[in-house]
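What follows is one structure encoded as C-alpha cells, with my remarks underneath.
The values are calculated or read from the model by the stated rules, or taken from the named source; none is laboratory data. If you're wondering where the values come from, they're calculated on a predicted model, not measured in any experiment. Cβ placement follows ideal geometry from the backbone for every residue including glycine, while neighbour counts extend to all protein chains displayed. For the accessible areas, the whole protein counts, side chains as well, though only heavy atoms, and no ligand, DNA or RNA atoms are used. Shrake-Rupley method; radii C 1.70, N 1.55, O 1.52, S 1.80 Å.
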Amino acid sequence: MVAEQIRGRDVTDAAVLAAMEEVPRHLFVPADERADAYADHALPIGRGQTISQPYIVALMTQLLAVDRHARVLEIGTGSGYHAAVLSRVAGAVYTMEIVPSLGEEASGLLHRLGYANVHVRIGDGYKGWQEEAPFDAILLTAAPAQVPGPLLAQLKPGGRMVLPLGTVQQELLVLTKRPDGTVETKNVIPVRFVPMTGEAQDRR
C-alpha cells in the first residue's frame with residue numbers, strides 16, 4: 001500500500017510513511033471488507049460512515065505537520081484507524097465520535113492494540129474538547145459546510161487545522177492560525193467525505 005499508493009506521490013514525510021507502514025489497516029475495517037483493506041479507496045465501516053482512502057489519510061496527516069510533542073484533536077473517530085496513524089507521529093491524540101457504537105468499538109480496539117496515547121470521547125465534535133484545549137493541530141474527517149468556530153478557538157497560534165469543507169463540492173483545506181488570531185487558508189485538492197453531523201449539520 002505504502003510503496004504503490006503513497007510513497008511515489010506527494011507524501012514524503014518519513015514519520016508519516018513509517019506510521020502508514022506500521023498501523024494494521026485491516027484490523028480497522030469490517031471483516032467482510034478486509035480483502036480490500038489496503039486498496040486505494042475508501043471503504044464502508046457501517047452506520048453510514050467510511051474509512052478514508054490510505055493516500056488521503058497519509059496526506060492529511062502530513063499536512064498537519066506535527067511532531068512527537070504535539071497534541072492533536074481529531075473530529076470523527078470512525079473505526080479509529082486515522083487516530084492510530086496520528087498516534088505514531090504525535091504525542092497525544094484526542095478523538096471524538098458522534099456515533100456512540102462506533103466510538104465504543106474504536107475505543108476498545110485502540111485499547112486492545114496498545115495505542116495508549118489515544119483518548120476517545122463520544123459526542124458532537126463541533127464544540128471540540130474544551131478541557132484539553134488548546135491543540136497544536138486539529139483534523140476533521142467529516143465535512144462541515146462552514147469551519148466550526150469553536151474548533152478554531154481551540155487551535156494554538158501557529159497551529160494547523162486540516163479539514164474537508166463543503167457540501168456538494170468539497171475541498172481539502174489547511175488553515176494556519178497566525179499569532180494575531182487571523183487564519184491563513186490553503187486549498188489542497190478536491191475531496192469527498194461524509195458530511196459532518198450534529199450541530200454542524202444544523203448550521204448548514
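Would you tally the residues in the stretch 133-147 being within 14 Å of Arg203 (Cβ to Cβ) and crowded, with 23+ Cβ neighbours inside 10 Å?
1
Could you tell me which of the residues Thr176, Thr197, Thr185 is of a type in the set (Ser, Thr, Tyr) and not in a strand (DSSP E or B)?
Being of a type in the set (Ser, Thr, Tyr) and not in a strand (DSSP E or B) holds for just one of Thr176, Thr197, Thr185, which is Thr197.
Pick from the stretch 6-64 the residues that are open to solvent by 40 Å² or more (accessible area, probe 1.4 Å) and hydroxyl-bearing (Ser, Thr, Tyr): which of them is farthest from Ala84 (Cα to Cα)?
Filtering first and then ranking leaves Thr12.
Out of all the residues in the stretch 40-63, which are out of contact with any Ser or Thr (no Cβ under 8 Å at 6 or more places or on another chain) and either in a loop (DSSP other than H, G, I, E, B) or without any contact (Cβ under 8 Å) to a residue 24 or more places away in the chain (or both)?
Asp40, His41, Gly48, Gln53
Here's the yes/no breakdown for (1) part of a strand (DSSP E or B); (2) of a type in the set (D, E, K, R); (3) free of Cβ contacts under 8 Å to residues at least 40 places away in the same chain:
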{"position": "Arg9", "(1), (2), (3)": "no, yes, no"}
{"position": "Thr12", "(1), (2), (3)": "no, no, no"}
{"position": "Glu33", "(1), (2), (3)": "no, yes, yes"}
{"position": "Tyr38", "(1), (2), (3)": "no, no, yes"}
{"position": "Val66", "(1), (2), (3)": "no, no, no"}
{"position": "Leu73", "(1), (2), (3)": "yes, no, no"}
{"position": "Val85", "(1), (2), (3)": "no, no, no"}
{"position": "Thr95", "(1), (2), (3)": "yes, no, yes"}
{"position": "Ser101", "(1), (2), (3)": "no, no, no"}
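If the requirement is being touching a strand residue (DSSP E or B) at 6+ places or on another chain (Cβ under 7 Å) and aliphatic (A, V, I, L, M), which of these qualifies: Leu109, Leu86, Leu113?
Leu86
Go over the candidates Thr141, Thr61 one by one and state the one that is of a type in the set (S, T, N, Q) and closer than 19 Å to Gly158 by Cβ.
Residue meeting the stated conditions: Thr61.
With Val147, Val93, Val72 as the choices, which residue is farther than 30 Å from Ala31 by Cα and either at pLDDT below 95 or of a type in the set (Val, Ile, Thr) (or both)?
That would be Val147, the only listed residue that is farther than 30 Å from Ala31 by Cα and either at pLDDT below 95 or of a type in the set (Val, Ile, Thr) (or both).
Can you confirm whether Tyr126 is of a type in the set (Ser, Thr, Tyr), surrounded by 16 or more Cβ atoms within 10 Å (Cβ to Cβ) and not in a loop (DSSP other than H, G, I, E, B)?
Spelling it out, Tyr126 is indeed of a type in the set (Ser, Thr, Tyr), surrounded by 16 or more Cβ atoms within 10 Å (Cβ to Cβ) and not in a loop (DSSP other than H, G, I, E, B).
Which one is most open to solvent (accessible area, probe 1.4 Å), of the residues in the stretch 150-204 that are of a type in the set (Lys, Arg) and closer than 17 Å to Thr61 by Cβ?
Ranking the qualifying residues of the stretch 150-204, first place goes to Lys186.
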